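The block underneath contains the structure these notes are about, expressed in C-alpha coordinates.
The values are calculated or read from the model by the stated rules, or taken from the named source; none is laboratory data. Computed from a predicted structure; not experimentally measured. Glycine also receives a Cβ, built like all others from the backbone with ideal geometry; neighbour counts cover every protein chain displayed.
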Amino acid sequence: MHPLHGKVALITGGSSGIGRATALRLASYGARVALASRTASALERVADEIKALGVEALPLPTDVTDRERCRCAVEATASHFGRFDILICSAGVSMRGLFADAQPDALEQIMRVNFFGTLYPTYFAVPHVRRSRGSLVAISSLTGKRGTPSYAIYGASKFAVRGLYDSLRLELAADGVHVGVVSPGFVATPLRQHVLDGSGRPWPTPPTPPFRIWPVEACVDRIVRVLIKRQPQALLPAFVSPFLALDEISGGRLGDWYLGGKFDPDDARPPNNA
Ligand SMILES: NC(=O)c1ccc[n+]([C@@H]2O[C@H](COP(=O)([O-])OP(=O)(O)OC[C@H]3O[C@@H](n4cnc5c(N)ncnc54)[C@H](OP(=O)(O)O)[C@@H]3O)[C@@H](O)[C@H]2O)c1
(Lines give C-alpha, C1' and ligand atoms only; values in the text may rest on other atoms or scores of the structure.)
Protein backbone atom coordinates (compact mmCIF):
# COMPACT_ATOMS: atom_id res chain seq x y z
CA MET A 1 0.00 0.00 0.00
CA HIS A 2 1.26 3.49 -0.83
CA PRO A 3 2.53 5.42 2.24
CA LEU A 4 0.10 8.26 1.47
CA HIS A 5 -2.92 5.93 1.24
CA GLY A 6 -5.63 6.99 3.70
CA LYS A 7 -3.95 10.29 4.58
CA VAL A 8 -5.98 13.51 4.59
CA ALA A 9 -4.47 16.54 2.84
CA LEU A 10 -5.62 20.13 2.51
CA ILE A 11 -4.15 21.77 -0.59
CA THR A 12 -4.44 25.52 -1.05
CA GLY A 13 -4.36 26.53 -4.70
CA GLY A 14 -5.83 23.09 -5.37
CA SER A 15 -7.93 24.29 -8.29
CA SER A 16 -5.05 24.83 -10.72
CA GLY A 17 -1.48 24.07 -11.73
CA ILE A 18 0.82 22.53 -9.12
CA GLY A 19 -1.92 22.33 -6.47
CA ARG A 20 -4.37 20.60 -8.79
CA ALA A 21 -1.77 18.15 -10.13
CA THR A 22 -0.63 17.35 -6.58
CA ALA A 23 -4.23 16.78 -5.48
CA LEU A 24 -4.81 14.34 -8.34
CA ARG A 25 -1.55 12.53 -7.62
CA LEU A 26 -2.26 12.18 -3.90
CA ALA A 27 -5.75 10.98 -4.70
CA SER A 28 -4.31 8.38 -7.09
CA TYR A 29 -2.38 7.03 -4.06
CA GLY A 30 -5.59 6.81 -2.07
CA ALA A 31 -5.25 10.03 -0.04
CA ARG A 32 -8.40 12.07 0.63
CA VAL A 33 -8.08 15.68 -0.39
CA ALA A 34 -9.61 19.02 0.51
CA LEU A 35 -9.05 21.81 -2.02
CA ALA A 36 -8.97 25.51 -1.17
CA SER A 37 -8.89 28.44 -3.56
CA ARG A 38 -11.23 31.29 -4.51
CA THR A 39 -13.03 30.01 -7.61
CA ALA A 40 -15.74 27.55 -6.54
CA SER A 41 -16.45 26.26 -10.07
CA ALA A 42 -12.78 25.39 -10.64
CA LEU A 43 -12.62 23.60 -7.29
CA GLU A 44 -15.74 21.59 -8.16
CA ARG A 45 -14.15 20.50 -11.44
CA VAL A 46 -11.03 19.20 -9.70
CA ALA A 47 -13.14 17.57 -6.98
CA ASP A 48 -15.09 15.77 -9.72
CA GLU A 49 -11.83 14.57 -11.31
CA ILE A 50 -10.75 13.20 -7.93
CA LYS A 51 -14.10 11.55 -7.30
CA ALA A 52 -13.78 9.87 -10.71
CA LEU A 53 -10.72 8.12 -9.24
CA GLY A 54 -13.00 6.72 -6.54
CA VAL A 55 -11.55 9.01 -3.84
CA GLU A 56 -13.31 11.53 -1.62
CA ALA A 57 -12.62 15.24 -2.27
CA LEU A 58 -13.84 18.34 -0.46
CA PRO A 59 -13.93 21.68 -2.31
CA LEU A 60 -13.60 24.63 0.09
CA PRO A 61 -13.91 28.05 -1.59
CA THR A 62 -11.35 30.14 0.32
CA ASP A 63 -9.44 33.35 -0.16
CA VAL A 64 -6.14 32.64 1.60
CA THR A 65 -5.66 36.34 2.38
CA ASP A 66 -8.65 36.02 4.74
CA ARG A 67 -7.46 34.61 8.05
CA GLU A 68 -10.88 33.49 9.22
CA ARG A 69 -11.59 31.70 5.93
CA CYS A 70 -8.28 29.85 6.32
CA ARG A 71 -9.25 28.77 9.82
CA CYS A 72 -12.60 27.53 8.46
CA ALA A 73 -10.89 25.58 5.65
CA VAL A 74 -8.55 23.81 8.07
CA GLU A 75 -11.33 23.01 10.57
CA ALA A 76 -13.72 21.87 7.82
CA THR A 77 -11.06 19.48 6.50
CA ALA A 78 -10.42 18.00 9.95
CA SER A 79 -14.09 17.65 10.86
CA HIS A 80 -15.19 16.29 7.47
CA PHE A 81 -12.53 13.60 7.25
CA GLY A 82 -11.98 13.06 10.98
CA ARG A 83 -8.24 13.63 10.70
CA PHE A 84 -5.70 16.02 9.19
CA ASP A 85 -2.28 14.78 8.08
CA ILE A 86 -0.91 17.11 5.41
CA LEU A 87 -1.12 20.79 4.51
CA ILE A 88 0.25 21.83 1.13
CA CYS A 89 0.34 25.60 0.59
CA SER A 90 0.37 26.11 -3.16
CA ALA A 91 -1.91 29.15 -3.57
CA GLY A 92 0.09 31.98 -5.04
CA VAL A 93 0.37 34.72 -7.62
CA SER A 94 3.38 35.76 -9.67
CA MET A 95 4.63 39.25 -10.35
CA ARG A 96 7.35 40.24 -12.77
CA GLY A 97 8.36 43.88 -13.01
CA LEU A 98 10.94 46.38 -11.88
CA PHE A 99 10.56 47.34 -8.23
CA ALA A 100 10.96 51.06 -8.97
CA ASP A 101 8.04 50.95 -11.45
CA ALA A 102 5.71 49.07 -9.11
CA GLN A 103 2.72 50.33 -7.15
CA PRO A 104 2.83 49.81 -3.36
CA ASP A 105 -0.72 48.36 -3.27
CA ALA A 106 0.24 45.74 -5.84
CA LEU A 107 3.41 44.87 -3.91
CA GLU A 108 1.43 44.43 -0.69
CA GLN A 109 -1.07 42.15 -2.41
CA ILE A 110 1.73 39.77 -3.43
CA MET A 111 2.81 39.50 0.21
CA ARG A 112 -0.79 39.00 1.30
CA VAL A 113 -1.40 36.09 -1.05
CA ASN A 114 2.01 34.40 -1.11
CA PHE A 115 3.18 34.97 2.45
CA PHE A 116 0.11 35.53 4.65
CA GLY A 117 -1.79 33.10 2.43
CA THR A 118 0.74 30.48 3.57
CA LEU A 119 1.09 31.69 7.15
CA TYR A 120 -2.65 31.60 7.97
CA PRO A 121 -3.47 28.03 6.93
CA THR A 122 -0.19 26.88 8.45
CA TYR A 123 -1.00 28.54 11.77
CA PHE A 124 -4.38 26.82 12.01
CA ALA A 125 -3.03 23.47 10.79
CA VAL A 126 -0.27 23.23 13.42
CA PRO A 127 -2.41 21.70 16.22
CA HIS A 128 -3.75 19.11 13.77
CA VAL A 129 -0.39 18.03 12.33
CA ARG A 130 1.00 17.89 15.88
CA ARG A 131 -1.74 15.38 16.68
CA SER A 132 -1.19 13.33 13.51
CA ARG A 133 2.62 13.82 13.40
CA GLY A 134 1.90 14.98 9.88
CA SER A 135 3.43 17.34 7.31
CA LEU A 136 3.43 21.02 6.41
CA VAL A 137 4.71 21.69 2.89
CA ALA A 138 4.99 25.10 1.23
CA ILE A 139 5.61 25.80 -2.43
CA SER A 140 8.22 28.53 -2.55
CA SER A 141 10.34 29.22 -5.66
CA LEU A 142 13.95 29.41 -6.77
CA THR A 143 13.42 33.19 -6.50
CA GLY A 144 13.03 32.43 -2.77
CA LYS A 145 16.53 30.94 -2.72
CA ARG A 146 18.38 33.66 -4.59
CA GLY A 147 17.55 37.30 -5.39
CA THR A 148 16.51 37.59 -9.03
CA PRO A 149 16.13 40.79 -11.08
CA SER A 150 12.50 41.75 -11.83
CA TYR A 151 11.22 39.32 -9.16
CA ALA A 152 11.97 41.51 -6.13
CA ILE A 153 8.61 41.31 -4.36
CA TYR A 154 7.66 37.86 -5.62
CA GLY A 155 11.07 36.59 -4.49
CA ALA A 156 10.73 38.42 -1.16
CA SER A 157 7.39 36.72 -0.54
CA LYS A 158 8.97 33.33 -1.27
CA PHE A 159 12.03 34.06 0.92
CA ALA A 160 9.55 34.89 3.67
CA VAL A 161 7.73 31.59 3.19
CA ARG A 162 11.00 29.72 3.39
CA GLY A 163 12.09 31.64 6.48
CA LEU A 164 8.82 30.81 8.19
CA TYR A 165 9.02 27.14 7.29
CA ASP A 166 12.73 26.75 8.12
CA SER A 167 12.01 28.00 11.63
CA LEU A 168 8.88 25.88 11.99
CA ARG A 169 10.84 22.80 10.97
CA LEU A 170 13.01 23.26 14.05
CA GLU A 171 10.20 24.36 16.35
CA LEU A 172 7.98 21.41 15.49
CA ALA A 173 10.60 18.67 15.13
CA ALA A 174 10.21 17.55 18.74
CA ASP A 175 6.48 17.00 18.06
CA GLY A 176 7.26 14.73 15.12
CA VAL A 177 5.92 17.21 12.56
CA HIS A 178 7.58 17.23 9.16
CA VAL A 179 8.04 20.67 7.57
CA GLY A 180 9.23 20.93 3.96
CA VAL A 181 9.69 23.57 1.29
CA VAL A 182 9.64 22.90 -2.45
CA SER A 183 11.35 25.57 -4.56
CA PRO A 184 10.69 25.19 -8.28
CA GLY A 185 12.03 27.17 -11.19
CA PHE A 186 9.61 27.77 -14.07
CA VAL A 187 6.80 25.20 -14.24
CA ALA A 188 4.23 24.75 -17.02
CA THR A 189 1.02 25.83 -15.30
CA PRO A 190 -1.70 28.46 -15.93
CA LEU A 191 0.31 30.80 -13.65
CA ARG A 192 2.23 31.90 -16.71
CA GLN A 193 -1.00 33.26 -18.28
CA HIS A 194 -1.67 35.65 -15.41
CA VAL A 195 1.73 36.92 -14.28
CA LEU A 196 1.15 40.43 -12.90
CA ASP A 197 3.17 43.50 -13.75
CA GLY A 198 4.26 45.97 -11.08
CA SER A 199 0.92 47.77 -11.17
CA GLY A 200 -0.92 44.53 -10.43
CA ARG A 201 -2.31 44.09 -13.98
CA PRO A 202 -1.73 40.82 -15.84
CA TRP A 203 0.89 40.96 -18.56
CA PRO A 204 -0.97 41.04 -21.92
CA THR A 205 1.26 38.25 -23.18
CA PRO A 206 3.23 36.19 -20.66
CA PRO A 207 6.88 37.26 -20.26
CA THR A 208 9.34 34.81 -21.79
CA PRO A 209 11.32 32.92 -19.15
CA PRO A 210 15.08 32.69 -19.77
CA PHE A 211 15.22 29.11 -18.45
CA ARG A 212 13.58 25.79 -19.16
CA ILE A 213 9.93 25.44 -18.17
CA TRP A 214 9.51 22.15 -16.28
CA PRO A 215 6.50 19.87 -16.63
CA VAL A 216 4.12 20.11 -13.70
CA GLU A 217 4.47 16.37 -13.03
CA ALA A 218 8.20 16.88 -12.33
CA CYS A 219 7.21 19.34 -9.63
CA VAL A 220 4.63 16.93 -8.21
CA ASP A 221 7.33 14.22 -8.10
CA ARG A 222 9.41 16.53 -5.88
CA ILE A 223 6.45 17.27 -3.61
CA VAL A 224 5.61 13.58 -3.22
CA ARG A 225 9.24 12.72 -2.42
CA VAL A 226 9.43 15.50 0.15
CA LEU A 227 6.28 14.09 1.78
CA ILE A 228 7.26 10.45 1.76
CA LYS A 229 10.89 10.92 2.80
CA ARG A 230 9.94 13.80 5.10
CA GLN A 231 12.63 15.92 3.46
CA PRO A 232 13.25 19.53 4.53
CA GLN A 233 13.48 20.85 0.99
CA ALA A 234 13.59 20.11 -2.72
CA LEU A 235 14.65 22.21 -5.69
CA LEU A 236 13.49 21.91 -9.29
CA PRO A 237 15.83 21.41 -11.05
CA ALA A 238 18.06 19.76 -8.43
CA PHE A 239 21.22 20.77 -10.28
CA VAL A 240 20.71 24.39 -9.12
CA SER A 241 21.95 23.31 -5.69
CA PRO A 242 25.72 23.33 -6.47
CA PHE A 243 25.31 26.66 -8.30
CA LEU A 244 23.73 28.16 -5.18
CA ALA A 245 26.63 26.83 -3.09
CA LEU A 246 29.20 28.30 -5.48
CA ASP A 247 27.30 31.59 -5.53
CA GLU A 248 27.45 31.69 -1.73
CA ILE A 249 31.21 30.99 -1.77
CA SER A 250 31.69 33.79 -4.31
CA GLY A 251 29.86 36.23 -2.03
CA GLY A 252 27.00 36.49 -4.52
CA ARG A 253 29.21 37.63 -7.40
CA LEU A 254 28.63 34.51 -9.48
CA GLY A 255 24.83 34.74 -9.26
CA ASP A 256 24.82 38.50 -9.86
CA TRP A 257 26.85 38.02 -13.01
CA TYR A 258 24.82 35.06 -14.25
CA LEU A 259 21.31 36.31 -13.45
CA GLY A 260 22.16 39.86 -14.50
CA GLY A 261 22.92 38.48 -17.96
CA LYS A 262 19.75 36.36 -18.08
CA PHE A 263 17.19 38.97 -16.98
CA ASP A 264 17.40 42.06 -19.16
CA PRO A 265 15.62 45.04 -17.49
CA ASP A 266 14.07 45.85 -20.89
CA ASP A 267 12.24 42.51 -20.69
CA ALA A 268 10.80 43.36 -17.28
CA ARG A 269 8.04 45.65 -18.61
CA PRO A 270 5.05 44.53 -20.67
CA PRO A 271 5.39 45.83 -24.27
CA ASN A 272 2.58 48.43 -23.87
CA ASN A 273 4.26 49.89 -20.74
CA ALA A 274 7.79 50.04 -22.12
N1 LIG B 1 4.42 27.87 -12.20
C2 LIG B 1 5.62 28.30 -11.88
O3 LIG B 1 6.46 28.59 -12.76
C4 LIG B 1 6.01 28.41 -10.44
C5 LIG B 1 7.39 28.49 -10.14
C6 LIG B 1 7.77 28.60 -8.80
C7 LIG B 1 6.82 28.63 -7.80
N8 LIG B 1 5.50 28.57 -8.13
C9 LIG B 1 4.54 28.64 -7.04
O10 LIG B 1 3.74 27.49 -7.07
C11 LIG B 1 2.47 27.79 -6.50
C12 LIG B 1 1.39 27.29 -7.46
O13 LIG B 1 1.49 28.01 -8.66
P14 LIG B 1 0.92 27.42 -10.03
O15 LIG B 1 2.02 27.50 -11.00
O16 LIG B 1 0.23 26.13 -9.77
O17 LIG B 1 -0.12 28.58 -10.38
P18 LIG B 1 -1.65 28.54 -10.87
O19 LIG B 1 -1.87 27.42 -11.80
O20 LIG B 1 -1.96 29.92 -11.29
O21 LIG B 1 -2.40 28.22 -9.50
C22 LIG B 1 -2.47 29.17 -8.48
C23 LIG B 1 -3.52 28.73 -7.50
O24 LIG B 1 -3.56 29.68 -6.43
C25 LIG B 1 -4.93 30.05 -6.23
N26 LIG B 1 -4.99 31.39 -5.66
C27 LIG B 1 -4.48 32.54 -6.16
N28 LIG B 1 -4.79 33.57 -5.34
C29 LIG B 1 -5.50 33.03 -4.30
C30 LIG B 1 -6.10 33.56 -3.13
N31 LIG B 1 -6.06 34.87 -2.84
N32 LIG B 1 -6.75 32.70 -2.30
C33 LIG B 1 -6.81 31.39 -2.56
N34 LIG B 1 -6.25 30.82 -3.64
C35 LIG B 1 -5.60 31.64 -4.50
C36 LIG B 1 -5.57 29.95 -7.61
O37 LIG B 1 -6.99 29.79 -7.56
P38 LIG B 1 -8.02 31.04 -7.58
O39 LIG B 1 -7.48 32.04 -8.54
O40 LIG B 1 -9.32 30.43 -7.99
O41 LIG B 1 -8.08 31.54 -6.18
C42 LIG B 1 -4.92 28.68 -8.12
O43 LIG B 1 -5.59 27.55 -7.59
C44 LIG B 1 2.44 29.31 -6.30
O45 LIG B 1 2.68 29.58 -4.94
C46 LIG B 1 3.57 29.80 -7.16
O47 LIG B 1 4.11 31.00 -6.66
C48 LIG B 1 5.09 28.45 -9.42
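Here are some notes:
- Only residues that are under 21 Å from residue 72 (Cβ atoms), in contact (Cβ under 8 Å) with a residue 12 or more places away in the chain and of a type in the set (Ser, Thr, Tyr) were counted across segment 26-49, and they come to 2.
- For segment 26-48, the set of residues classified as outside any helix (DSSP H, G or I) and either of a type in the set (A, V, I, L, M, F, W, C) or within 13 Å of the ligand (Cβ to nearest atom) (or both) consists of 31, 33, 34, 35, 36, 37, 38, 39, listed by residue number.
- Screening the candidates 209, 184 for the property of being touching a Ser or Thr at 6+ places or on another chain (Cβ under 8 Å), near the ligand (Cβ under 10 Å from one of its atoms) and not small (Gly, Ala, Ser) yields one hit, 184.
- Members of segment 204-240 found to be assigned to a strand (DSSP E or B) and either β-branched (Val, Ile, Thr) or exposed (fewer than 15 other Cβ atoms within 10 Å of the Cβ) (or both), listed by number: 213
- Any chance residue 22 is at pLDDT 95 or above, within 26 Å of residue 157 (Cα to Cα) and outside any loop (DSSP other than H, G, I, E, B): yes
- Per-region count, segment 226-246, residues small (Gly, Ala, Ser) and touching a residue at least 12 places away in the same chain (Cβ under 8 Å): 1
- In segment 55-83, the residue that is surrounded by the most Cβ atoms within 10 Å (Cβ to Cβ) out of those that are assigned to a loop (DSSP other than H, G, I, E, B) and more than 21 Å from the chain's Cα centre (by Cα) is 55.
- Among the residues of segment 1-25, those identified as within 14 Å of residue 217 (Cβ to Cβ), more than 6 Å from the ligand (Cβ to nearest atom), touching a residue at least 60 places away in the same chain (Cβ under 8 Å) and not polar (S, T, N, Q) are 21, 25.
- Flag if residue 175 is farther than 18 Å from residue 88 by Cβ, modelled with pLDDT under 95, more than 16 Å from the ligand (Cβ to nearest atom) and not hydroxyl-bearing (Ser, Thr, Tyr): no
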